[in-house]
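Encoded as structure tokens, the structure appears first; notes follow it.
The values are calculated or read from the model by the stated rules, or taken from the named source; none is laboratory data. Because the structure is predicted, anything quoted here is derived from the model rather than measured. So basically every Cβ, Gly included, is an ideal-geometry build from the backbone, and we count neighbours across all protein chains shown.
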Amino acid sequence: MVTDVCVAFPTLSAIEAGYEVFVVTDASGTFNSVTRDAAWARMQQAGAQLMNWFSVAGELHRDWRNDIDGFGGVLANHLPQYANLMQSYSAQEK
């Protein structure tokens, strides 16, 4: 998935068609940081909102406290720092 083509073109088309578009910045890549940054700037100037996978996951889940082992487990498996946060939260509940 190339950011400057495969993400930018559909994003710009969707914005033009009246959609609100959120671009997950860490779900694609490209050849170098200059190209990536230019693509992000172009999409953002057109009205796209840039976010990362963690923000998407958190927004979709809304309230992690209701599913600590499920959603929290997924996050803890991918983010060691988040595992530390979960452990401190669990320690406070006891």
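Restricting to the stretch 32-56, name every residue that is under 17 Å from the mean Cα position of the chain (by Cα), in a helix (DSSP H, G or I) and either more than 30 Å from Gly72 (Cβ to Cβ) or at pLDDT 95 or above (or both).
As a first pass, look at the stretch 32-56 and keep what is under 17 Å from the mean Cα position of the chain (by Cα): 36-37, 39-41, 43-44, 47-56.
Filter once more, keeping what is in a helix (DSSP H, G or I): 36-37, 39-41, 43-44, 53-56.
Arg36, Asp37, Ala39, Trp40, Ala41, Met43, Gln44 - these are the residues of the stretch 32-56 that are under 17 Å from the mean Cα position of the chain (by Cα), in a helix (DSSP H, G or I) and either more than 30 Å from Gly72 (Cβ to Cβ) or at pLDDT 95 or above (or both).
Scanning for something free of Cβ contacts under 8 Å to residues at least 24 places away in the same chain, more than 28 Å from Cys6 (Cβ to Cβ) and among the polar types (S, T, N, Q), does the stretch 69-80 turn up at least one residue?
Among the residues of the stretch 69-80, not one is free of Cβ contacts under 8 Å to residues at least 24 places away in the same chain, more than 28 Å from Cys6 (Cβ to Cβ) and among the polar types (S, T, N, Q), which makes the answer no.
Could you please find all residues in the stretch 22-31 being in a helix (DSSP H, G or I) and of a type outside the set (Gly, Ala, Ser)?
The answer is Thr25, Asp26.
When the residues of the stretch 7-21 are narrowed to those that are part of a loop (DSSP other than H, G, I, E, B) and in contact (Cβ under 8 Å) with a residue 12 or more places away in the chain, which ends up surrounded by the fewest Cβ atoms within 10 Å (Cβ to Cβ)?
Glu20
Give me a count of the residues in the stretch 1-31 that are modelled with pLDDT under 95 and more than 18 Å from the chain's Cα centre (by Cα).
The total comes to 1.
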